[in-house]
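Reading through the structure tokens given below for one structure.
The values are calculated or read from the model by the stated rules, or taken from the named source; none is laboratory data. Predicted model only: the values in this text are computed from it and were never measured. Cβ: placed from backbone, ideal geometry, glycine included. Neighbour counts: every protein chain shown.
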Amino acid sequence: MVKILNVVGARPNFMKMAPIIAAINRRPNEASQRLAHTGQHYDEAMSAVFFGDLGMPEPDINLETRSGTPTRQMAHIMAAFEEVLIAQRPDWVVVVGDVNSTIACALAANKLDVRTAHVEAGLRSFDRSMPEEINRVLTDQLADLLLTPSADADANLLREGIPIERIERVGNVMIDTLFQQLERARNSTILDQLELRPGEFAALTAHRPANVDNPKALRRIWSAIGEIARELPVIFPAHPRTRARMREFGLSAPAGVRVIAPLSYLDFLRLWSNARLALTDSGGLQEETTALGVPCLTLRDNTERPITIEQGTNRLVGSDPARIVGAAREILSGGVSFAGRAPELWDGNAADRIVEALIVRARLAEIVNSDQIAPAAT
Ligand code: UD1
């Protein structure tokens with residue numbers, strides 16, 4: 001029996017972990033799993049609500065982290081996770097994505113010589129000012145098994161000198177969740193609640209420190225969004241970080257922008273899949289809009305997900321108001337057609353491939369650790 005300890009911490013982890021847990025539970029004779037939640041995200045709307053929406057079991061272990069400086073946050077996670085690892089001694093720790101919880105748990109596992117698998121390995125923005133980029137690079141250096149979503153991720157890892165044996169391309173596990181939940185999301189009443197008609201609004205998320213922690217940058221983005229909101233309503237489920245910064249800088253959203261609380265997964269999916277246009281600085285949304293075929297303008301100068309531009313519906317527009325508004329107008333006037341397609345292996349079956357890799361490699365490790373391959377006695 002392969003013992004797997006899964007880790008989640010922040011909102012974008014939940015939709016990646018849900019299908020992995022389900023896939024492990026489909027193989028009860030071969031693998032078992034426990035779920036640890038670091039508590040990096042703790043508000044009901046940022047965490048608990050996703051467990052219900054995604055059919056995830058309650059976490060078996062809570063590390064009770066709260067916000068703080070990144071160093072304090074990660075130090076707390078590492079110390080608490082170390083105790084869990086000593087008590088559980090799993091065959092695998094599985095971490096997903098690029099948040100502080102991801103690197104903190106990978107590092108704690110490495111110190112105790114527990115094998116770690118990183119799901120969504122190999123993505124690179126090549127922008128070291130992003131905390132997530134540092135988390136990605138370091139987690140990939142530490143992890144024993146790098147489960148990648150696409151060929152560009154494989155190439156990044158090989159370029160960094162990671163041995164080929166540690167890499168396995170499994171596809172995009174977040175898209176497993178998206179496909180599984182699309183039908184259920186049709187029952188969401190969010191469009192009625194907000195009195196919106198499909199295709200007649202834009203949807204916005206913004207929470208990256210580079211965009212929202214600096215008053216000048218945030219003002220520039222708001223001025224662009226204000227222009228767009230003259231042409232169609234813009235719905236903005238506000239991340240707590242952004243809401244706090246707006247209050248701090250004395251900024252209010254421009255007319256035509258509706259600031260609402262963070263949404264559950266199903267409401268969010270319903271809203272996004274019906275938007276005329278998505279504006280975001282999130283990583284995951286670039287992928288979700290590609291899979292949904294919704295035009296997406298990414299409010300950043302770089303992306304760790306270039307495949308969403310090459311094959312999908314994504315376009316980088318940075319934070320320059322003229323560029324953002326120009327690109328939005330082109331889409332609204334029908335001037336650009338996005339014939340996006342879902343990239344290879346974004347097929348809804350990534351979690352099964354992940355679990356197969358974990359089981360096969362754990363069996364190989366068993367052989368290595370046994371005396372079966374000791375040189376024959378002469
Ligand atoms: C984190 C991730 C980011 C991800 C984002 C998704 C890192 C480095 N960043 O950023 O990659 O895109 O999550 O949401 O891990 N807060 C609350 N309630 C919560 C959680 C946070 O109020 O449940 C507030 C706190 O004021 C906190 C701030 O949000 O200080 C930032 O939270 P934190 O987890 O440090 O980073 P995020 O900006 O959420």
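Some points to look at:
- For segment 98-107, residues that are touching a residue at least 60 places away in the same chain (Cβ under 8 Å) and more than 9 Å from the ligand (Cβ to nearest atom) total 2.
- One residue from Glu133, Glu200, Glu120 being among the charged types (D, E, K, R) and on the phi > 0 side of the Ramachandran plot: Glu120
- Yes/no for Asp53 being acidic (Asp, Glu) and more than 15 Å from the ligand (Cβ to nearest atom): yes
- Positions within segment 227-259 being under 19 Å from Leu194 (Cα atoms) and out of contact with any helix residue (DSSP H, G or I) (no Cβ under 9 Å at 6 or more places or on another chain), in sequence order: Ala229, Arg230, Pro233, Arg258
- Taking the criterion of being in contact (Cβ under 8 Å) with a residue 60 or more places away in the chain, out of contact with any strand residue (DSSP E or B) (no Cβ under 6 Å at 6 or more places or on another chain) and either of a type in the set (Gly, Ala, Ser) or surrounded by 16 or more Cβ atoms within 10 Å (Cβ to Cβ) (or both), the residues of segment 240-267 that qualify are Ala261, Ser264, Tyr265, Leu266, Asp267.
- Listed by first and then second residue, the pairs with beta-carbon distance under 7 Å, at least 6 apart or on different chains, first residue in segment 137-152 and touching a residue at least 60 places away in the same chain (Cβ under 8 Å) and buried (at least 24 other Cβ atoms within 10 Å of the Cβ), second of a type in the set (Asp, Glu) and outside any helix (DSSP H, G or I), are Leu147/Glu168; Pro149/Glu120.
- Pair list, Cβ under 6 Å, 6 or more apart: segment 356-378 residue part of a loop (DSSP other than H, G, I, E, B), other residue modelled with pLDDT under 90: none
A quick yes/no check of all residues on (1) in a strand (DSSP E or B); (2) surrounded by fewer than 22 Cβ atoms within 10 Å (Cβ to Cβ):
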position	(1), (2)
Ala291	no, no
Leu297	yes, no
Ala322	no, yes
Val325	no, yes
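- Scan of segment 156-188 for residues that are surrounded by fewer than 14 Cβ atoms within 10 Å (Cβ to Cβ) and touching a residue at least 24 places away in the same chain (Cβ under 8 Å), ordered by number: Arg186, Asn187
- Leading residue by the ranking (surrounded by the most Cβ atoms within 10 Å (Cβ to Cβ)) among those in segment 191-208 that are away from the ligand (no atom under 16 Å from the Cβ) and charged (D, E, K, R): Glu200
- Residue within segment 87-97 that is buried (at least 21 other Cβ atoms within 10 Å of the Cβ), within 13 Å of the ligand (Cβ to nearest atom) and over 22 Å from Leu266 (Cα atoms) present: yes
- Every pair of residues 6+ apart whose Cβ atoms lie under 9 Å, when the first sits in segment 1-24 and is without any contact (Cβ under 8 Å) to a residue 24 or more places away in the chain and within 16 Å of the ligand (Cβ to nearest atom) while the second is of a type in the set (Lys, Arg) and part of a strand (DSSP E or B): none
- Asn110 being of a type in the set (S, T, N, Q), within 16 Å of the ligand (Cβ to nearest atom) and touching a residue at least 24 places away in the same chain (Cβ under 8 Å): no
- Check on Ile20, touching a strand residue (DSSP E or B) at 6+ places or on another chain (Cβ under 9 Å), within 30 Å of Pro237 (Cα to Cα), surrounded by fewer than 21 Cβ atoms within 10 Å (Cβ to Cβ) and among the aliphatic types (A, V, I, L, M): no
- Counting the residues of segment 281-305 that are without any contact (Cβ under 8 Å) to a residue 40 or more places away in the chain and over 24 Å from Ala217 (Cβ atoms) gives 1.
- Residue count for segment 34-50 under the criterion of being over 20 Å from Glu82 (Cβ atoms) and either in a helix (DSSP H, G or I) or more than 16 Å from the ligand (Cβ to nearest atom) (or both): the result is 6.
- Residue check, Arg166 among the charged types (D, E, K, R) and within 16 Å of the ligand (Cβ to nearest atom): no
- Test: residue in segment 63-77 that is buried (at least 21 other Cβ atoms within 10 Å of the Cβ), in a loop (DSSP other than H, G, I, E, B) and of a type in the set (A, V, I, L, M, F, W, C): yes
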